[in-house]
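Report on the structure given below.
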Amino acid sequence: MVEKLLMGTSNRDKVRELREILAGLPWEICSLADLAPVPEPEEAGATFEENALLKARYYASHFSMACVADDSGLEVDALGGAPGVRSARYAGEGCSYSDNNEKLLDALAEMSWPERLARFVCCAAFAAQDGSTHVVRGTVEGRIAAESFGENGFGYDPVFVPSGHECTFAEMSAREKHAISHRGRAFRELRAWLETRS
Ligand code: IMP
């Protein structure tokens, strides 16, 4: 019998992307949208790894099936690694993506180009019903632009210029972004691990 693998995220963009990356594995991929609604777990961990594991374990145990989940965010060197695990709520609870970008651009207003180093981080976790887990980390290095550019993507994409490129993630196509993105890297590695396990 083909085992089910749940994608533990209610973010539609992530679901679409994960379906593409995990396609062809000998697992039946399903998403939270296919199941009875359940409250999201509180992301109380101090690290991306802890939060990714916490989500994967929570949904695996609630639905009694193997689950993959991720946690991601932006680390800015000049801000001591902030916003980090608080990336979604950097400008306060319930804030918008543009509130976060505005706060970030203000915080770095006096910084020169070499001082604007940053990276996106994504930790992807797998949790099985038997309690076994596996976590991987993907990163992409870059710099924070002086202002927003581009309309694609989401979150901090309009202010993030990946190393070796002269445009932001929001100026790239989804395919270009995910060939080098933190999430693309983490989930391709998790996929390779799942292949060895199945
Ligand atoms: P989470 O992994 O859904 O908790 O995402 C945390 C936050 O990190 C998001 O709300 C975004 O602000 C930011 N973030 C994570 N990945 C990306 C990305 O690929 N582009 C832009 N922002 C991102």
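The values are calculated or read from the model by the stated rules, or taken from the named source; none is laboratory data. Quick caveat: nothing in here was measured; it's all calculated off a predicted structure. A quick note on method: Cβ atoms are made from the backbone with ideal geometry, for glycine too, and the neighbour counts reach across all protein chains shown. Please note that ligands, DNA and RNA were not included when accessible areas were found on the heavy atoms of the full protein model with its side chains. Shrake-Rupley method; radii C 1.70, N 1.55, O 1.52, S 1.80 Å.
A few points about this structure:
- Within the option set 190, 194, being outside any loop (DSSP other than H, G, I, E, B), away from the ligand (no atom under 15 Å from the Cβ) and open to solvent by less than 20 Å² (accessible area, probe 1.4 Å) holds for one residue only, 194.
- In the set (1) within 13 Å of the ligand (Cβ to nearest atom); (2) under 22 Å from residue 192 (Cα atoms); (3) part of a strand (DSSP E or B), residue 67 fails one condition alone, (1).
Conditions tested, residue by residue: (1) open to solvent by less than 10 Å² (accessible area, probe 1.4 Å); (2) out of contact with any Ser or Thr (no Cβ under 6 Å at 6 or more places or on another chain); (3) near the ligand (Cβ under 10 Å from one of its atoms); (4) more than 23 Å from residue 177 (Cβ to Cβ).
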| residue | (1), (2), (3), (4) |
| --- | --- |
| 42 | no, yes, no, yes |
| 52 | yes, yes, yes, no |
| 62 | no, yes, no, yes |
| 120 | no, yes, yes, no |
| 142 | yes, no, no, no |
| 149 | no, no, no, no |
| 153 | no, yes, yes, no |
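- Whichever residue in region 38-80 is touching a Phe, Trp or Tyr at 6+ places or on another chain (Cβ under 6 Å) and more than 14 Å from residue 7 (Cβ to Cβ) and, among such residues, is modelled with the highest pLDDT: 74
- Residue match in region 14-25 (condition: under 30 Å from residue 107 (Cα atoms), surrounded by fewer than 16 Cβ atoms within 10 Å (Cβ to Cβ), basic (Lys, Arg) and within 13 Å of the ligand (Cβ to nearest atom)): no
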